[in-house]
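For reference, the structure is listed below as structure tokens.
The values are calculated or read from the model by the stated rules, or taken from the named source; none is laboratory data. This one's a predicted model, so the numbers in the text were calculated from it and none came from an experiment. Glycine also receives a Cβ, built like all others from the backbone with ideal geometry; neighbour counts cover every protein chain displayed. Please note that ligands, DNA and RNA were not included when accessible areas were found on the heavy atoms of the full protein model with its side chains. Shrake-Rupley method; radii C 1.70, N 1.55, O 1.52, S 1.80 Å.
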Amino acid sequence: MAKTIMEKMGYFLTSYLLVLTMMFSANAEFAKKTYLIQMDKAVMPKAFTNHLEWYSSKLKSALSTSPKADADSEKRIIYTYQNAFHGVAAKLTEGEAKKLEAEEGVVAIFPDTKYELHTTRSPSFLGLQSEKAPNMWSEKLSGRDVIVGVLDTGIWPESESFKDVSMGPVPAHWKGACEIGTGFRKSHCNKKVVGARVFYHGYEAAIGRINEQKEYKSPRDQDGHGTHTAATVGGSPVLGANLLGYANGTARGMAPGARIAAYKVCWTGGCFSSDIVSAIDKAVADGVDILSISLGGGVSSYYRDSLSVAAFGAMEKGVFVSCSAGNAGPDPASLTNVSPWITTVGASTMDRDFPAEVKLGNGKIVTGASLYKGQSVLSIEKQYPLVYLGSNSSRVDPRSMCLEGTMDPKVVSGKIVICDRGLSPRVQKGNVVRSAGGVGMILTNTEANGEELVADCHLLPAVAIGEKEGKDLKSYVLSGKSATATLAFKGTKLGIRPSPVVAAFSSRGPNFLSLEILKPDLLAPGVNILAAWSEAIGPSGLKVDNRREKFNILSGTSMSCPHVSGVAAFLKARHPEWSPAAIKSALMTTAYVLDNTKKTLTDASTAKPSSPYDHGSGHIDPIRALDPGLVYDIEPQDYFEFLCTQNMTPTQLQVFAKYSNRSCKHSLASPGDLNYPAISSIFTQKTATSFSRPVIVHRTVTNVGPADSKYQVVISPFEGASVKVEPETLNFTKEHQKLSYKITFTPRVRQTSPEFGSLVWKDGLHTVRSPIVITWLAPPM
């Protein structure tokens, strides 16, 4: 009897689960998601009067006819693209998307993808103050006004960084708009902030309607990130800028004369590719000269990456595109935004720090960093009990990372708590400690962070320390003795040596999509950067933070990207005829790889010399970039020829070909022949005993210096290969003259790891440097 009952129950449960599965599958079949649909605008039938009418007709032909699937007359199209990208974004079921993909005129379909943000003294550190550049950088932008489009979380227009005092009329080529919305009026735009738009249809399709009680459904910035990046690009000078007294001085953008157009694409729940592509498309039509994009997602093939495709379209229209490399370092091959037509920016430190000290009961003093300045102050004359809730075990313990719900007030009340970095925001850990009654926090780096110190605006007295000191500190606490400490805050310190240093969090190469394209391209300041801030949120970014500041200090490649965007804006103003590739070349070939102690740039994660996989061509040097001598120019067709070497099918190549009706002319013998300012040679062995054949790459340089110039080449030595450059001398007789050379890499001794070096052209006035990477690929097993 019991067996019969159990059998019936089992049958019932099985049937119930089967019904649930069928219901789920049915719902999934009819669930609508956003897709970006790229169209070949050239094949629109003459029966249609405009492209939108044709796109709508195509979409209608693919819609499901099932009443359940499409009972209402819901509008499916949420965006129309017609500048950097051609087509629409629409809400479709998976089946409808597959059906539409087979339609004539449809080039490609991209699922909407979620992206994340890559979250004072930098002008001085880069040599841009007037006393250092009286006739160059400090002068007002000349030639023509440059407009930088910033794709981010919006803008706080009341910030002093966005005042338009003494600025001339808005450039005639500007066709953009100042969109109104919650807390944002047309009067919030001016001659500095010339435009502001919002993009949220993709976000709402994926996440749901924006709660306007909690978030501005307008260009107004509630997050602060967008205000910070926009001010870094082109903020007007503001005297006495500081965060709680830290980093006091004049805050100004890289190009204070540039105009800013804010494109709000990121919201509380993230940034979606349909919104991002729509913003790029609009920005190109609006007339921006530079695009600054401090966000990213994962890496996918060029033809599957909608941001890459849209950036290609922007580049075709003459727009320079700068993107953050990502904050996934120091893991190798952790880069995002690796397309060669995008300038990929890593992060470095500056020669400024915010020191703080941990004074232990045993007399030892540990130096760290902090931006704390609040009412709660620990007496330097008193010692406080120390507690660490982790152990010597290698097991991950949520308590050691001070995660929500892991603190017992009975254990931590009145004590300084040691917290390991990881899993939750650094400032949030401090709030957890504070909420449990702790009086202070010591934030210890893990192996991934090494000795890099990132200062934060904590809600309680807190100091960040390096990994080595952290291990010693935890051993002191776990030794069984009554461990005590106090914390002291030392303000702002300048002249830090060595600097710059490659940030541990900065994403690294190699670029596994194309080893021949060395990424990142270069470094710029991205650690502890002071810039304007949204007064809708506290400097810690936490909801419980009631402090309101006009400036904030942030770190991330999100901060380094707008440094490059701003410098590119000035180069564009000084050299309006330069292409995006020429601007990029000037930035890369003039970058430096030695710090202020004259040693190779250090990697903060290892405290050892960095390589081009970490720093790319080197650290940006704006003054030298104004006069690079030679540039490696690249036309849009050249980039397409590079794609023709990437083993793509004709259908995949169409994604990039259809805007300008391009076709492969096979002008590049290999991917390495793209006229890139960095050089990467790949040796491939067919067997364990056979040598790779010599690798030959070609380059062409354009003279942008004196008409009569003679350049000599200097090549660094390599152990695994001989390198020959032909010719060894380049004799220019006129401006804008182009001369070519070839480099032959002949293998000698196989190396187990990549070799790094450089090729430099010198004329006595200019030093045009290209990093070289030689990689040996193992033979197939």
With every protein chain kept in place and ligands, DNA and RNA left out, what is the accessible area per residue of the chain? Probe 1.4 Å, answer in Å².
41 Å²
If you take every DSSP beta bridge fully contained in the chain, what fraction is antiparallel? Give it as a percent rounded to 5.
65 percent
Only Lys, Arg, Asp and Glu count, each charged at its Cβ (+1, +1, -1, -1), so figure out the dipole size of segment 177-232 about its Cα centre, rounded to 20 debye.
280 debye
Percent of beta bridges antiparallel (DSSP, segment 393-511, rounded to nearest 5):
10 percent
If you roll a 1.4 Å probe over the chain with all protein chains in place, what percent of the accessible area is carbon or sulfur?
53 percent
Spit out the partnerless Cys residues in the chain, using Cβ distances under 4.7 Å as the pairing rule.
C323, C457, C561
Assuming a viscosity of 0.692 mPa s and a temperature of 37 °C, what translational diffusion coefficient in µm² per second does Stokes-Einstein assign to segment 253-369, Rh being the Kirkwood radius over Cα pairs?
194 µm²/s
Just to check I understand the Karplus step: with θ = phi - 60° and J = 6.51 cos²θ - 1.76 cosθ + 1.60, what whole-Hz values come out for segment 346-353, glycine and proline as x?
x, 10, 9, 8, 10, 8, 10, 9
Pull up all non-local amide H partners of A483: gap of 5 or more, or a different chain, and H-to-H distance under 5 Å with H placed in the peptide plane.
L386
Run the dipole for the chain about the Cα centre, Lys and Arg Cβ at +1, Asp and Glu Cβ at -1, nothing else charged, and hand back the magnitude in debye, nearest 20.
820 debye
Rank-order 206-213, 108-115 by packing density, defined as the average count of other C-beta atoms within 10 Å over each peptide's residues, highest first.
108-115, 206-213
Looking at V773, F691, Y741, which one has the Cα that reaches farthest to the positive end of the dipole of segment 631-781 (charges on Cβ: Lys, Arg +1; Asp, Glu -1)?
F691
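Under 1.5 on a/c is rounded, so check that first for the chain, then, if it is not, pick prolate when a/b is larger than b/c and oblate when it is not; a ≥ b ≥ c are the square roots of the alpha carbon gyration tensor eigenvalues.
Cα axes put the chain in the rounded bin.
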Percent relative contact order of segment 149-292, based on C-alpha pairs within less than 8 angstrom and at least six residues apart?
38 percent
At a Förster radius of 60 Å, what calculated FRET efficiency corresponds to the Cβ-Cβ distance of F48 and K364, to the nearest 0.05?
0.20
I'd like to compare 661-673, 156-168, 480-492: which one has the highest average count of other Cβ atoms within 10 Å, and what's the full order after that?
156-168, 480-492, 661-673
Tell me whether segment 633-707 comes out rounded, prolate or oblate; compute the Cα gyration tensor, take square roots of the eigenvalues as a ≥ b ≥ c, and use a/c under 1.5 as the rounded threshold.
oblate
Using the Cα centre as the reference, give the magnitude of the dipole from point charges on the C-beta atoms of segment 570-683 (Lys, Arg: +1; Asp, Glu: -1; all else neutral), rounded to the nearest 20 debye.
140 debye
Asserting the computed 222 nm helical MRE of the chain (DSSP H runs at least 4 long, -39500 (n - 2.57) per run, divided by residue count, to nearest 500) equals -6500 deg cm²/dmol
